[in-house]
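Visitor: I am attaching a structure below and will ask some questions about it afterwards.
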Amino acid sequence: MGDRIQWVNPDDQNHTATGMSFTGSSVPANYKFQGDFTKPHGRIIDATEWSTGNVRAHGGKSPIFVAKRVGHYFYACGYHIGIGQIGVIVVGP
């Protein structure tokens with residue numbers, strides 16, 4: 001808890017890290033983001049939709065986010081969720 005997280009994109013494509021608004025142990029099939037994942041919003045990692053917005057290719061950096069509660073929080077690249085670019089942030093005490 002309380003760690004600061006920043007994504008760095010070494011790839012040659014833009015990406016996002018966008019929180020998925022649900023709780024559970026697996027990602028729902030065909031998840032669709034409700035908000036605009038290309039725009040940064042929120043800075044707290046939790047079970048809501050927050051987003052880094054576009055993290056540009058070749059070394060782009062995201063804003064800094066903080067996880068304040070224990071839990072498992074899924075996120076995905078808004079552009080590439082369909083090909084499995086999904087991750088989980090595990091927050092412990």
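The values are calculated or read from the model by the stated rules, or taken from the named source; none is laboratory data. From a predicted model like this one, the values you see are computed outputs, not experimental measurements. Positions of Cβ are backbone-derived with ideal geometry, glycine not excepted, and every protein chain shown enters the neighbour counts. The area values use the complete protein model at the heavy-atom level, side chains included, leaving out ligands, DNA and RNA. Shrake-Rupley method; radii C 1.70, N 1.55, O 1.52, S 1.80 Å.
Visitor: Go through the residues of the stretch 24-37 one by one and say whether even a single one is open to solvent by 30 Å² or more (accessible area, probe 1.4 Å), touching a strand residue (DSSP E or B) at 6+ places or on another chain (Cβ under 9 Å) and under 23 Å from Gly2 (Cβ atoms).
Guide: no
Visitor: Does the stretch 55-70 contain any residue that is outside any loop (DSSP other than H, G, I, E, B), within 12 Å of Trp7 (Cα to Cα) and either of a type in the set (S, T, N, Q) or open to solvent by 80 Å² or more (accessible area, probe 1.4 Å) (or both)?
Guide: Looking for residues that are outside any loop (DSSP other than H, G, I, E, B), within 12 Å of Trp7 (Cα to Cα) and either of a type in the set (S, T, N, Q) or open to solvent by 80 Å² or more (accessible area, probe 1.4 Å) (or both), one finds at least one in the stretch 55-70, hence yes.
Visitor: Within the stretch 12-33, how many residues turn out to be within 28 Å of His58 (Cα to Cα) and either in a loop (DSSP other than H, G, I, E, B) or modelled with pLDDT under 95 (or both)?
Guide: So the count comes out to 9.
Visitor: If a residue has to be farther than 26 Å from Gly92 by Cβ and either open to solvent by 50 Å² or more (accessible area, probe 1.4 Å) or part of a strand (DSSP E or B) (or both) to count, how many in the stretch 41-54 make the cut?
Guide: Here the count works out to 1.
Visitor: Give the stretch 71-92 a look and list any residue that's of a type outside the set (A, V, I, L, M, F, W, C), part of a loop (DSSP other than H, G, I, E, B) and within 16 Å of Ile5 (Cα to Cα), or say none. Can you show your working first?
Guide: First, pick out the residues of the stretch 71-92 that are of a type outside the set (A, V, I, L, M, F, W, C): 71-73, 75, 78-80, 82, 84-85, 87, 92.
Those still in the list that are part of a loop (DSSP other than H, G, I, E, B) too: 78-80, 84-85, 92.
Across the stretch 71-92, the qualifying residue is only Gly92.
Visitor: Still on this structure, please answer the following. Pick from the stretch 6-19 the residues that are open to solvent by less than 40 Å² (accessible area, probe 1.4 Å) and in contact (Cβ under 8 Å) with a residue 60 or more places away in the chain: which of them is farthest from Val70 (Cα to Cα)?
Guide: His15
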